[in-house]
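Please treat every number below as a calculation from the coordinates, not as lab data. Bear in mind that the values here come from a model prediction, so they are computed numbers and not experimental data. Note that we place each Cβ from the backbone using ideal geometry, even for glycine, and neighbour counts take in every protein chain shown.
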Amino acid sequence: KKGSISISFDDGKKNIITNVFPIIQKYEIPITIFICPELVGKKNYLNLEDIKFLKLSGLVEIGAHGYRHIPYKNQNNGEFLNEISLMKKWFINNLNEEILYFSFPFGSFNKNIIKLIKKEKLFRYSFCSDFRTFKLNDLDYHIIPRIQIWEYDNLSSFNDKIKGNWNWARKLISYG
């Protein structure tokens, strides 16, 4: 609804358990974590038990972030479908669920992949990393932009971003 935000994290880093979960649990804030099955259980990444624990909290949705953490911009449909097949098998075998949410690694995709996702109904929603806000009445559910918040953002830049006032080019020109 108008004025709301959605909070998501890419990659499935282990520090979500220690740094993020206590806060979302205390304030009952729902989040989405986009994971790469190939990274699950590796050093500094969530393991399968962590993911199941987070899901059981009722506050965490798990989405996919590619099977491997690779850019898709230069992949053809066959290569992309192979990645999706591996991802879907992993989600079914390990979490017993279909993938509803997908975040493009590095925000990287091409128009043929978007057409394929729509035609084959691969996901309900796909997210990119465009620095823009969107209007609900003019939204492509397979190129939903997200505004990135980084560790070097301050309260002012955070406020600018969530209000839709953030523009990298404008900031670079005014500071350059």
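Converting phi to 3J(HN,Hα) with the Karplus coefficients 6.51, -1.76 and 1.60 and the offset θ = phi - 60°, the stretch 49-64 yields 5, 4, 4, 5, 4, 4, 4, 5, 5, x, 9, 10, 9, 10, x, 9 Hz in sequence order, with x at every glycine or proline.
For Kirkwood radius over Cα pairs in Å, computed directly from the structure shown, the correct entry in (i) 18.8; (ii) 17.3; (iii) 16.8 is (ii). Close amide H partners of ILE144, meaning residues 5 or more places away or on another chain with modelled amide H under 5 Å apart, are SER126, PHE127, CYS128.
Under 5 Å between amide hydrogens, built in the peptide plane, is the criterion, and for GLU61 it picks out ILE31, THR32, ILE33 among residues at least 5 positions away or on other chains. Taking each of LYS119/LYS163; LYS14/LYS55; LYS42/LYS73; LYS111/LYS163; LYS73/LYS121; LYS55/LYS118 in turn, the alpha-carbon distance tops 22 angstrom for LYS119/LYS163; LYS42/LYS73; LYS111/LYS163; LYS55/LYS118. In sequence order, the stretch 84-101 has phi-based couplings of 5, 4, 4, 5, 4, 4, 4, 4, 5, 5, 9, 10, 6, 8, 7, 7, 9, 10 Hz under the Karplus curve 6.51 cos²θ - 1.76 cosθ + 1.60, θ = phi - 60°, and Gly or Pro positions carry x. Annotation: the antiparallel percentage among DSSP beta bridges lying fully within the chain is about 5. In order along the stretch 37-46, phi translates into HN-Hα couplings of x, 5, 8, 4, x, 6, 3, 6, 10, 4 Hz, rounded to whole numbers, per the Karplus curve 6.51 cos²θ - 1.76 cosθ + 1.60 with θ = phi - 60° and x for Gly and Pro.
What base-10 log of the normalised intensity I(q)/I(0) is obtained for the stretch 12-72 from the Debye formula, alpha carbons as equal point scatterers, at q = 0.21, 0.26 Å⁻¹? The calculated log intensity ratios at q = 0.21, 0.26 Å⁻¹ are -0.78, -1.11. Using a basic spin-label model with each label point 7 Å from the Cα along Cα→Cβ, how many nm lie between LYS119 and TYR152? In this crude label model, LYS119 to TYR152 measures out at 4.1 nm. Using the average count of surrounding beta-carbon atoms within 10 Å as a protection proxy, the listed peptides 152-164, 43-55 rank, highest first, as 43-55, 152-164.
Straight-distance candidates among the aspartates and glutamates for linking to LYS52, with alpha-carbon spacing under 15 Å and chain neighbours fewer than 8 residues away dropped: GLU61, GLU97, GLU98.
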